[in-house]
1. May I ask you to sort Tyr100, Tyr58, Tyr26 by Cβ crowding, counting other Cβ atoms within 10 Å and putting the fewest first?
2. Region 31-172: Rg/Rh from Cα coordinates, Kirkwood Rh?
3. Work out, step by step, the length gained on full extension between Glu212 and Leu124: first 0.36 nm times the residue separation, then minus their alpha carbon distance; give nm to one decimal.
4. Could you tell me which GluC sites (Glu not before Pro) in region 146-223 are loop residues by DSSP with no more than 13 other beta carbons within 10 angstrom of their beta carbon?
5. Only Cα pairs within less than 10 Å get springs; with that Gaussian network setup on the chain, which residue of Gly120, Gly106, Gly211 has the largest fluctuation?
6. Taking the Cα centre of region 127-232 as origin, work out the dipole magnitude from +1 charges on Lys and Arg Cβ and -1 charges on Asp and Glu Cβ, in debye rounded to 20.
7. Need one word for the chain: rounded, prolate or oblate. Basis is the Cα gyration tensor (sqrt eigenvalues a ≥ b ≥ c); a/c below 1.5 gives rounded, then a/b vs b/c decides.
8. Would you kindly derive the ³J(HN,Hα) couplings of region 133-149 from the backbone phi angles with the Karplus curve 6.51 cos²θ - 1.76 cosθ + 1.60 (θ = phi - 60°), listing them in order in whole Hz, with x for Gly and Pro?
Amino acid sequence: MNKPSATALLERPATANVPDPGRKTYNQPCLIAQTLSVLGDRWTLLILRDLMSGLSRYSDIMENCAGMSPNVLSDRLKRLEADGLVQRTYHKELPPRVDYTLTEQGWAVRPILLSLMSWGQQFLQPLTLTSVGIDVSTDFAVRVVPAFWFQPDRAGDLSASMVIEISDCADCNTWSFEIRDGRIRPRRRVLESADIRLVATTQGFFQFLRGEATPEECGTLHGSTVVAAAIQGCFLSQ
């Protein structure tokens, strides 16, 4: 029997609206139970967190969720695609590339994640600046914190982009942030056409997010101070 090619596997048909006999449900009419049938599996919310905070490739999500097996990630992504929360895009390149992005239904989970973060901030150990680089990697903090401190109602019709380089993190990637349509989209790459670039220490970056200093006081700023201030104004003051 011939094995399917890698391209054939990547081009498998979409699974939307296909019943999943392996899924466990609560079989209750309660909307909480029905929602948990979609979002309640282990790792599902963390995968959505990673998609919201800039990861789009299977390998990156796999690397970021230590302890999750490849089979589980494949299963969760397949289910999220079938449920309409995730869109899978195949790029005919050499080698072939697959990206996973959130649909409108997927983005609608963001308030649930924010509520979980708020509860954890109140009753569990919150993320602090001193824990960044020790308990939490700088790369994780630079990606996730802006994604969830971002306030869509403050962005208005702002369309701008920013590159952030953390100067005191030897193994930290440079990140880019695009703000448009009331959303922030982090990316683990440099946008050559970004409106502003900020080179800052970890502390300076958090000062920028918290609005504790003007953008030019947080590090070395390249680009318009007006645009930088507009981007800074989109984040939750702490």
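1. On the way: Tyr100 21, Tyr58 16, Tyr26 12.
Least crowded to most crowded, the residues run Tyr26, Tyr58, Tyr100.
2. Numbers: Rg = 16.3 Å, Rh = 16.9 Å.
Rounded to two decimals, Rg over Rh is 0.97.
3. Working: separation 88, 0.36 × 88 = 31.68 nm, distance 2.50 nm.
Once the chain is fully extended between Glu212 and Leu124, it gains 29.2 nm.
4. On the way: sites: Glu165, Glu178, Glu192, Glu212, Glu216, Glu217; in loops: Glu192, Glu212.
The qualifying sites are Glu192.
5. Of the options given, Gly120 has the highest mean-square fluctuation.
6. Value, rounded to 20: 300 debye.
7. Details: a/c = 1.97, a/b = 1.53, b/c = 1.29.
Prolate.
8. Values per residue, Gly and Pro as x: x, 10, 7, 10, 5, 4, 4, 5, 5, 5, 7, 7, 4, x, 4, 10, 8 Hz.
A short reminder: the numbers here are calculations on the coordinates, not readings from a lab. Since the model is a prediction, treat every value here as computed from it, not as a measurement. Because the Cβ atoms are built from the backbone with ideal geometry, glycine has one as well, and the counts that use them run over all protein chains shown.
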